């Protein structure tokens, strides 16, 4: 699983991405478009080319995790990061099947430090269910009997249909 590393990558997703708030996480999703002069990073929409776009489509989707200093001290923030990374490892296969070229950031919200691991995992699954539904790959996951419970996917669909 590839991760977002630079401030520029994070800022591009924050600026141009779709934002969705969950109980314990905010989720940013961005479909990357490349600039032919810099195939690794992003959005000069007026100068897209087929060659540059095909490079993006072959790149694996990247995931980022952000835990603000507002959450707690360094020990608390690192504990949250370790827990989320452990949860992400369980869903690594699911993220590989997501359409290529997406950038996804999970931002921990205040109060996430008070959750037990099982509560954190449940909240993350809710956000993940929405992400997979948003990226139009959740149908493939439910057919393959993945770890995402149907209840979570149905809940995320209900939440998205309210806005329609």
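What follows draws every value from the coordinates through simple rules; no lab data is involved. Only a predicted model underlies this, so the values are computations on that prediction, with no experimental measurement involved. Cβ coordinates were reconstructed from backbone atoms using ideal geometry, including for glycine residues, and neighbour counts include every protein chain displayed.
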*Given the Cα-Cα distance of residue 23 and residue 7 and 0.36 nm per residue of separation, how much length would full extension add, in nm?*
3.2 nm
*Pop the C-beta distance of residue 90 and residue 70 into the FRET formula with R0 = 25 Å and round what comes out to the nearest 0.05.*
0.40
*Between residue 82 and residue 33, take the C-beta separation as r, use R0 = 45 Å, and let me know the FRET efficiency to the nearest 0.05.*
0.85
*Would you mind ranking 127, 3, 12, 76 so that the residue whose beta carbon has the fewest other beta carbons within 10 Å leads the list?*
3, 76, 12, 127
